[in-house]
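> First the structure, then my questions, so here it is.
The values are calculated or read from the model by the stated rules, or taken from the named source; none is laboratory data. Since the structure is predicted, the reported quantities are computational estimates derived from the model, not experimental observations. As a convention, Cβ positions derive from the backbone with ideal geometry for all residues, glycine included, and neighbour counts pool all protein chains shown. Surface accessibility is based on the protein's heavy atoms, side chains included, excluding ligands, DNA and RNA. Shrake-Rupley method; radii C 1.70, N 1.55, O 1.52, S 1.80 Å.
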Amino acid sequence: MRIAIEHQIIHRPMLRGKAVVQMLRLTPDNSDDQTVAHWRIDVDCDARMRSGRDGFGNAVTMLYIEEPVETVTITATGDVLTSDAHGIVRGSNETLPPALYLRGTAATPASEAVTTFAAEAVRGCDGPLAMLHGLNAAIHRRFANDGKAAAELLSVVEAGPCDLAHLFCTGARSLVLPARFVSGFVAGEHDARPHCWAEAYVAEIGWVGFDPAIGLSPTDTHVRVAVALDAAGAAPVAGEAWGDLVPLTEADQ
């Protein structure tokens, strides 16, 4: 599938300073089943950009703005060719051992409620892959259309795809199966929108994607961009102003 993407972010730094430094995780990577045919990032002010990678191996763009700004409009556009690998991630850039993704975070804390839910979801499943599919399906059945129930379990105000991905990661880790958060895009009928899901590691197969928002593995409609332990590590924009910082007043906010 050829997916055309145009994604715009209007970012307002919470502090004013002499300069702004931001890390942008907006660029998809090539893999066996994903090829970036064209991609560019534009900003609406004078800036320098430098490509690199973060600690998780994600492609990143460092954005340097040397003048104070109140808002920054960032636009990512491009075309990505995808094929359906039934959720299996092949040829991705891996820099960290799978065991690292057993680690919990503030957004994915181990809890008795989630551990119990995950154990019940995989009852009767034979092997890690079946357990992960069982967990993914159970999250979708119970929470995808019931944001209130998911919010109560996760202690959040309102649950969406991001929270369901966090729940999958927490549940999989409680089963001693490495899992990580994935940010990217999903193609709709008319356009591609930001989306998130999860991946879990299965010995002898590798990383496999699971999208609890649909209860299935990602297909050729999904474009992978970044992976991390949770949403904060895969955020499209990270960083702030620096220099002689001047906090915004209440009138500015």
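> For the range 123-141, how many residues meet the condition of being part of a helix (DSSP H, G or I) and either exposed (fewer than 14 other Cβ atoms within 10 Å of the Cβ) or free of Cβ contacts under 8 Å to residues at least 12 places away in the same chain (or both)?
Going residue by residue through the range 123-141, those that are part of a helix (DSSP H, G or I) are 128-141.
Retained after the next criterion (residues that are either exposed (fewer than 14 other Cβ atoms within 10 Å of the Cβ) or free of Cβ contacts under 8 Å to residues at least 12 places away in the same chain (or both)): 130, 141.
Within the range 123-141, residues that are part of a helix (DSSP H, G or I) and either exposed (fewer than 14 other Cβ atoms within 10 Å of the Cβ) or free of Cβ contacts under 8 Å to residues at least 12 places away in the same chain (or both) number 2.
> Still on this model: Given the conditions (1) under 19 Å from the mean Cα position of the chain (by Cα); (2) more than 21 Å from A238 (Cβ to Cβ); (3) open to solvent by 40 Å² or more (accessible area, probe 1.4 Å), and given that S83 satisfies all but one, which numbered condition is not satisfied?
Among (1) under 19 Å from the mean Cα position of the chain (by Cα); (2) more than 21 Å from A238 (Cβ to Cβ); (3) open to solvent by 40 Å² or more (accessible area, probe 1.4 Å), the lone unmet condition for S83 is (1).
> Evaluate the following for G184: is it in contact with a strand residue (DSSP E or B) (Cβ under 6 Å, 6 or more places away or on another chain) and not aliphatic (A, V, I, L, M)?
yes
> Do we find a residue being among the hydroxyl-bearing types (S, T, Y), modelled with pLDDT of 95 or more, touching a Ser or Thr at 6+ places or on another chain (Cβ under 6 Å) and closer than 16 Å to H133 by Cα anywhere in the range 192-201?
There is no residue in the range 192-201 that is among the hydroxyl-bearing types (S, T, Y), modelled with pLDDT of 95 or more, touching a Ser or Thr at 6+ places or on another chain (Cβ under 6 Å) and closer than 16 Å to H133 by Cα.
> Still on this model: Looking at D54, D29, D46 in this structure, which one is open to solvent by 70 Å² or more (accessible area, probe 1.4 Å) and not hydrophobic (A, V, I, L, M, F, W, C)?
Answer to the selection: D46.
> In the list E120, E94, which residue meets the criterion of being of a type outside the set (S, T, Y), open to solvent by 50 Å² or more (accessible area, probe 1.4 Å) and assigned to a loop (DSSP other than H, G, I, E, B)?
Being of a type outside the set (S, T, Y), open to solvent by 50 Å² or more (accessible area, probe 1.4 Å) and assigned to a loop (DSSP other than H, G, I, E, B) holds for just one of E120, E94, which is E94.
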